[in-house]
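Trainee: Before we start, here is the structure in question, set down as C-alpha cells.
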Amino acid sequence: MDATRLITGDLAPALDLLDDAGDTHTWKKHAGERVILYAYPAAMTPGCTKQACDFRDSLDALNAAGVKVLGLSPDSTAKLAKFVERDALTFPLLSDPDKAFLTALGAYGEKQLYGKTVTGVIRSTFVINVDQQGKAVIEHAFYNVKATGHVAKLRKDLDL
C-alpha cells in the first residue's frame, strides 16, 4: 500500500516533534518562514550523512535565500544529537519515533530497496511555506530523492 502523497497546495500535517537538542518544533514556531523539511531513513548511515552534510554545506546560501532547513527521521533525539555533534550539523534534526508525522507526509510506507519491497522511510523533501499564523502549506513535495546531489538539484529547481 502506497503512502498518501502530498502535492502543491496541500496543508502540511500538524507538527509537534522534538529536535536533537530537545526543543519542540511546531509550525507556529516557524511562522513566517519558508522551510525545507527533508526526511531520511537513519542518522549516521552513509547516504544520510552525505545528504545531511550537503545541507550543512549549503545552509548559508539557503538561509540567505530565506529558507530554513529541518531534517526528519525516526531516530531518537539522543542519536540525532550524536549525529549533529559527529558531523557538525548546523540545523535542527527532528525525531519522529512513532513515524506518525512521516506517515502523514507520505514519507513512510512501502518502497523498493535493492529490488525488494520493504516498509520504511521514503527519502523525501518538502518545501513548506508557513504563514504568520502557523498555517503550513506544501509548496513542493519531492519523493524518492537521491541522497547525493539532491541539495544542488533542489537549489537549481527552486532558483536558490
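Trainee: Those residues that are at pLDDT 95 or above and of a type in the set (D, E, K, R), I need them from the stretch 82-111; list them, please.
Mentor: Lys82, Glu85, Arg86, Asp87, Asp96, Asp98, Lys99
Trainee: Of the residues that sit in the stretch 95-116 and are part of a strand (DSSP E or B) and either out of contact with any helix residue (DSSP H, G or I) (no Cβ under 6 Å at 6 or more places or on another chain) or of a type in the set (Phe, Trp, Tyr) (or both), which one is surrounded by the most Cβ atoms within 10 Å (Cβ to Cβ)?
Mentor: By that ranking, first place goes to Tyr108.
Trainee: Also, I was wondering about something else. Go through (1) under 21 Å from Arg5 (Cα atoms); (2) touching a residue at least 60 places away in the same chain (Cβ under 8 Å) one by one and return the number of the condition Thr148 breaks.
Mentor: (1)
Trainee: Here's a check for you: in the stretch 122-137, which residue that is of a type in the set (A, V, I, L, M) and either buried (at least 19 other Cβ atoms within 10 Å of the Cβ) or at pLDDT below 95 (or both) is farthest from Val69 (Cα to Cα)?
Mentor: Ile122
Trainee: Follow-up. Scan Asp60, Asp10, Asp23, Asp54 and give me the residue that is of a type in the set (D, E, K, R) and in contact with a helix residue (DSSP H, G or I) (Cβ under 6 Å, 6 or more places away or on another chain).
Mentor: Matching residue, one of Asp60, Asp10, Asp23, Asp54: Asp54.
Trainee: Continuing with this model, one more query. Can you name the number of the only condition in (1) of a type in the set (D, E, K, R); (2) without any contact (Cβ under 8 Å) to a residue 24 or more places away in the chain; (3) in a loop (DSSP other than H, G, I, E, B) that Asp60 fails?
Mentor: For Asp60, the exception is condition (3).
Trainee: I need the full set of residues from the stretch 20-55 which are of a type in the set (Val, Ile, Thr) and part of a helix (DSSP H, G or I), in order please.
Mentor: Thr49 - this is the single residue of the stretch 20-55 that is of a type in the set (Val, Ile, Thr) and part of a helix (DSSP H, G or I).
Trainee: In the stretch 140-158, which residue that is touching a Gly at 6+ places or on another chain (Cβ under 9 Å) and surrounded by fewer than 17 Cβ atoms within 10 Å (Cβ to Cβ) is nearest to Asp57 (Cα to Cα)?
Mentor: Thr148
Trainee: Would you be able to say whether some residue in the stretch 52-66 is farther than 18 Å from Lys99 by Cα, in contact with a strand residue (DSSP E or B) (Cβ under 9 Å, 6 or more places away or on another chain), at pLDDT 95 or above and among the charged types (D, E, K, R)?
Mentor: yes
Trainee: Somewhere in the stretch 13-22, is a residue in contact (Cβ under 8 Å) with a residue 60 or more places away in the chain, among the charged types (D, E, K, R) and surrounded by 22 or more Cβ atoms within 10 Å (Cβ to Cβ)?
Mentor: Yes, the stretch 13-22 contains a residue that is in contact (Cβ under 8 Å) with a residue 60 or more places away in the chain, among the charged types (D, E, K, R) and surrounded by 22 or more Cβ atoms within 10 Å (Cβ to Cβ).
Trainee: Would you check if Thr119 is surrounded by 13 or more Cβ atoms within 10 Å (Cβ to Cβ), part of a strand (DSSP E or B) and modelled with pLDDT under 95?
Mentor: yes
Trainee: Being closer than 14 Å to Tyr38 by Cβ and either outside any helix (DSSP H, G or I) or not aliphatic (A, V, I, L, M) (or both) is the filter here; which residues of the stretch 75-94 pass it?
Mentor: Result: Asp75, Phe83, Leu89, Phe91, Pro92, Leu93, Leu94.
The values are calculated or read from the model by the stated rules, or taken from the named source; none is laboratory data. Owing to the predicted nature of the structure, the values given are computational and were not obtained by experimental measurement. Methodologically, a virtual Cβ is constructed for each residue, glycine included, from the backbone with ideal geometry; neighbour enumeration extends over all protein chains shown.
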